[in-house]
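These notes are about the structure you will find just below.
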Amino acid sequence: RQRQMCIRDSPSSYSDNHPTAAITYSESGPYKSGDEITITATFSEAVADSPVPKIAITGANAVSATVMTKTSTTVYTYAHTVAAGNGNASVVMSVAEDAGGNVVIATPTSGATFVVDNTAPTAAITYSRSGQYEKNDAVTITATFSEAVADSPVPKIAVTGSNAVSATVMTKTSTTVYTYAHTVSAGNGNASVVMSVAEDAGGNVVIATPTSGATFVVDNTAPTAAITYSRSGQYE
């Protein structure tokens, strides 16, 4: 009589492949201090409930290995509040295991890095011609930003002191260059340029005081002349 053999499952019957994780974010970056983002890890296969998958962050915004929250057997999330710092942050996976005990590969297959940007943009100011300026002079004021700024909200410029102008939207030339056509009015003295509203991709608002060209001079006072004579007299 032919004997039937019963073959038991062995570790070799499981896949030798290690699970991987693809990382996504609840909103696009760059991110700045105080931003709250959900980091989602989608595994290439189901992972065990225990040990609980962990996530760590290296570089900017370093976070030690922390347990994630289960959404399904293949999806886990982590709520991250962005802190101070600037630069690239890298996600590192650990602990997660598939049914065969294969541990997740540490480096995600996608979304492995995100950018932290807590540096506000600045603006350098130039003028279409040198001053001093008088009433009715037409001057183009150009703001060149230190990095690209968003189209919305539109960057604004204001002038304080002589020739005061309330915050007014500028005209886009490129992502880093905006202009404002200014017609000089009455008054005398220094006028100061103030920037506002402009934001970089991380939502950092422009520093109000320009790094250069912050002031210009308005002069609407006509010169006078004092007359003197080589000797007093009546003259003949």
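Data table
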| read-out | value |
| --- | --- |
| Accessible solvent surface per residue of the chain, calculated while the other protein chains remain in place, 1.4 angstrom probe, Å² | 57 Å² |
| Reachable aspartates and glutamates, given that their alpha-carbon falls under 18 Å from the alpha-carbon of LYS172 and they are not under 8 places away in the same chain | GLU147, ASP151, GLU199, ASP200 |
| Cα-derived Rg over Rh, computed across segment 51-92 with Rh taken as Kirkwood radius | 1.02 |
| Sulfur and carbon atoms: percent of accessible area, the chain [1.4 Å] | 51 percent |
| Options PRO53, SER110, SER185, ranked by Cα towards positive dipole end of the chain, top entry (Cβ charges) | PRO53 |
| 23 Å Cα-Cα reach of LYS54 towards lysines, excluding residues that sit fewer than 8 places from it in its own chain | LYS70 |
| Sequence ranges 33-46, 165-178, ranked by mean other-Cβ count within 10 angstrom, highest first | 33-46, 165-178 |
| Cα-projected label distance for THR171 with GLU27, points at 7 Å along beta-carbon direction, nm | 3.3 nm |
| For the chain: Kirkwood Rh in Å [reciprocal of mean 1/r, alpha carbons] | 23.0 Å |
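The values are calculated or read from the model by the stated rules, or taken from the named source; none is laboratory data. All values reported here derive from a predicted model rather than from experimental measurement. Glycine also receives a Cβ, built like all others from the backbone with ideal geometry; neighbour counts cover every protein chain displayed. Heads up: the accessible areas ignore ligands, DNA and RNA and are worked out on the full protein's heavy atoms, side chains in. Shrake-Rupley method; radii C 1.70, N 1.55, O 1.52, S 1.80 Å.
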